[in-house]
Amino acid sequence: MDYGTRVEQSVIVSELAARTLWPEEDALGQQIFIRDNPTPYEVIGVCGEVRYKEDMEPTVYIQLTGIMPFPWRIFIIRTEGKPDGILPFIKNAIWSIAPDHSIDRIYTYTDVINLPGIAKERFYMSFFVFFTFLAFIIAIVGIFGLTYYIVAQKSRDICIRIAVGASSMDILKMVLGKGVFLALSGIGIGLFIFIIFNRVLSSFVYGISPSDVPTMIIVSALMLLVTVIAVLIPSIKAMRLNPNVLLKEE
């Protein structure tokens, strides 16, 4: 078998196909029959998964000439910087080898991801990200508002403690301690629920882990910061009030 024939009778399989067909063996060098072709194809490589639809399937990549003589070819070229500037060089390179060949279409990666089949998925993702961000903002505003209101209702208690000799630092420690405890309790409950539904979330994402530790730390720290600010503002206002005036008004 010459080199050209060997290449035409060779395939590359995806990692999922390799795990499915040869779970306990190395896929390289294995042979596979495709369609009604009596000649087996040899696996010469294993590639990563290509996510082009919701459910991934075992994939086998065959050279087109190995099935039928197609009169066209597709080239994928990786560039540095903007690809528009090198398009003339690509055309000249192709025509220098095959001057009689025509170049039908040239797509950049941006053009590909804006194709109708992919644009719909991008729209759904943008829609999901927008409402996720909106829910996050609502959660922050809700935490701030509720915490601020609860602490503001304690203004009379703060003034009484100041009147009987409590220092500002003691007041801050007390109020902050309760606020931070509630915030940490809420974060703990949220993380517990997240761990329970982690497997469900895994089915909605691809290429990233739902257990994104840096993201969870940042979000938890932001929630804690919002709670601390919501506690400090009414507490400082209450400590600046004159206890005698406030108690007389009560």
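Readers should treat all values here as calculations from the given coordinates under stated rules, not as data from a laboratory. What you are looking at is a predicted structure, and each value in this text was computed from that prediction instead of being measured. Don't worry about glycine lacking a Cβ; one is built from the backbone with ideal geometry, like all the others, and counts go over all protein chains shown.
Descriptive notes on the structure:
- Across the range 31-41, coupling constants 3J(HN,Hα) worked out from phi with the 6.51/-1.76/1.60 Karplus curve, θ = phi - 60°, read 10, 9, 9, 10, 6, 9, 6, x, 8, x, 9 Hz, and Gly and Pro carry x.
- Amide H contacts of residue 61 (H built 1.01 Å from N, in plane; Pro and chain starts excluded): 12, 13, 14 sit under 5 Å, all sequence-distant by 5 or more or on other chains.
- Karplus (6.51, -1.76, 1.60) ³J(HN,Hα), θ = phi - 60°, over the range 185-191, in Hz, Gly and Pro reported as x: 5, x, 5, x, 5, x, 5
- Residue order for 57, 49, fewest other beta carbons within 10 angstrom first, comes to 57, 49.
- Evaluating 6.51 cos²θ - 1.76 cosθ + 1.60 at θ = phi - 60° for every residue in the range 90-107, the Karplus couplings come out as 5, 4, 5, 5, 5, 5, 5, 9, 10, x, 8, 7, 9, 9, 6, 9, 10, 10 Hz, glycine and proline recorded as x.
- Highest-first arrangement of 122-131, 223-232, where packing means the average Cβ count within 10 Å: 223-232, 122-131
- Report note on the peptides 145-151, 233-239, 22-28: ranked by the mean count of other C-beta atoms within 10 Å, highest first, their order is 233-239, 145-151, 22-28.
- Amide H contacts for residue 41 (H built 1.01 Å from N in the peptide plane; partners 5 or more residues away or on another chain; cut-off under 5 Å): 32, 33, 34.
- Radius of gyration (Cα atoms) of the range 93-179, expressed as a multiple of 2.2 N^0.38 Å: 2.56.
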